[in-house]
1. Report, to the nearest 10°, how far helix B:146-171 tilts away from the longest principal axis of the Cα atoms in chain B, using its own Cα long axis and a range of 0 to 90°.
2. To the nearest Å, what is the center-to-center distance of segment A:151-212 and segment B:72-92, using C-alpha atoms only?
3. So which helices of chain A fit the span-like rule, where a helix is a whole DSSP H run, its Cα atoms reach 15 Å or more along the axis, and its mean Kyte-Doolittle is at least 0.5?
4. Compare B:Val187, B:Val41, B:Val249 in a GNM of chain B, Cα atoms joined below 10 Å, and give the one with the largest fluctuation.
5. Place +1 on the Cβ of every Lys and Arg and -1 on the Cβ of every Asp and Glu in the protein assembly as shown, take the dipole about the Cα centre, and give the residue among A:Ile123, B:Ala107, B:Ala22 whose Cα lies farthest towards its positive end.
6. Over the Cα atoms of segment A:137-239, what Rg and Dmax result, in angstrom?
7. With a ≥ b ≥ c the root eigenvalues of the C-alpha gyration tensor of segment B:148-250, is it rounded (a/c under 1.5), prolate (a/b larger than b/c) or oblate?
8. Check which residues have an amide H placed less than 5 Å from A:Ala213's amide H, if you skip close sequence neighbours.
Amino acid sequence: MSLAVTDLTYAFGTKTALDHVSFSVAPGQFCALLGPNGAGKSTLFNLLTRLYTTRGGRIEIAGHDMGRTPRQALARMGVVFQSQTLDLDLTVMQNLRYFAALQGTSGAEATRRCEDAMDRLDIADRAGQRARDLNGGHRRRLELARALLHDPAVLLLDEPTVGLDAASRAALVAHVHDLAATRNLTVLWATHLTDEVLQGDRLVILHQGRILADGIAGEIAGDRGLQETFLALTGERAA
Amino acid sequence: MSNALPARAWATALGAIVRREAYRFWQQRARLLSALVRPLVWLLVFAAGFRAALGLSIIPPYETYITYETYIVPGLCGMILLFNGMQSSLSLVYDREMGSMRLLLTAPLPRWWLLFAKLVAGTAISVIQAYAFLAVAAGFGIAMPWYGYILVLPALVITGLMLGALGLALSSTVKQLENFAGVMNFVIFPCFFLSTALYPLWRMAESSRLLRDICAVNPFSHGVELIRFALYGQINWASLGWSLLAFAVFGAAAVWGYDPARGMVRRKG
């Protein structure tokens, strides 16, 4: 498995944010982590990216134990955070080169990787443009290009479509699905929007720190459809 | 890329972090101007006004009577390092609030190294500003021996690292950007005024033994004395030791403060 979470538990004081969460994702699989606000998705992402650590449970990324060999695990992971993490005063190319350097890559190799990443996300014509001057969709594309720069085995995206218009959102969902299929990339996509999940996707539904469902989206949804099923499972009503 | 990054990669990341800081500084050139205005006001207005009131005896490293302006130059270099150290930390709190701190802390490098790289970057900017101030002061006729300008470099670096580490440690305890202003007021002003930056220890002892003792243990005093002696080609070993010790303590506190097991980023960012 490329991504394996075993018996993960985390609490903020007396409030349990994650309660014995376990799931795994195979290479090339797109896994949607679906949960309403406050389900524990962001806490899980903070643990997966080692912004938090816990002794309750185990995380494995591409065969590396996050607790024992965190740097090896982080090196195999690309992340698109929910909040924007671009340096707005740097150009597209400078943002990519800065990240490449944080991954230990410089010189001609860094240039090649940055150019490849921009080509893949179709932002090469904006290489010299400051991140501040990009629209929301292009900023997200840049963040995705950056997350793929070091050829990770696992790609984590924490609600990456927040703030995007419908067209940009659909394009991003399609592109990341394509990445999983064509590059054998393991994807964990956190969202609270059911229309971002395709029928054939692997789906983990998280609610109040617990996994309520784990399987193929189409099978979990059944005849009721994913939206209805999700609302029924989480006990929430449609607005 | 299945193994941890080699040592060369550590240097690559350090270089990138320093370059990024330098680039931001270059883009905010007004920062250099404001960093110079503050000490120059002290030097050209405050010191001129107090020259008559504050008589100074001959104390090491000085071998003759000096003007008050000459006396406070090392303290004002320290002031630049102190303000810049806090400003760098302020930018860390900002980065944390804005989320860009996550990018840095998820790099596959030891966290202490990433923090050290931020510290080196901030110190490099501080030292440039201190040299700019020394050049302007020399332009106003307050000059040091020529060799002092070379020998002061390691003293500025050590003091800059020490004060930057203090700011880094403080930034790990601050939840929100707005709270940082309060911390600065409670740190910068006591640090500066309860030190040897503006008056020597014996002067302070004349008014209060307690205040003199506080000044004597204030790490900022030792940073200032390290700079003062270096400007005259001498090493104040006690100040060097205190400054290095304070750097180690503040640095350890910063690493502890940013330890993921403590969930520093859980507050935000």
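1. Roughly 50 degrees between the two axes.
2. Using only Cα atoms, the two centres lie 45 Å from each other.
3. Span-like helices here: A:92-102.
4. Highest fluctuation of the listed residues: B:Val41.
5. Result: B:Ala22.
6. 14.4, 42
7. oblate
8. HN-HN under 5 Å from A:Ala213: A:Ile205.
Here, each number is a calculation from the coordinates, and none is a lab measurement. Everything quoted here is computed from the prediction, not taken from an experiment. Cβ: placed from backbone, ideal geometry, glycine included. Neighbour counts: every protein chain shown.
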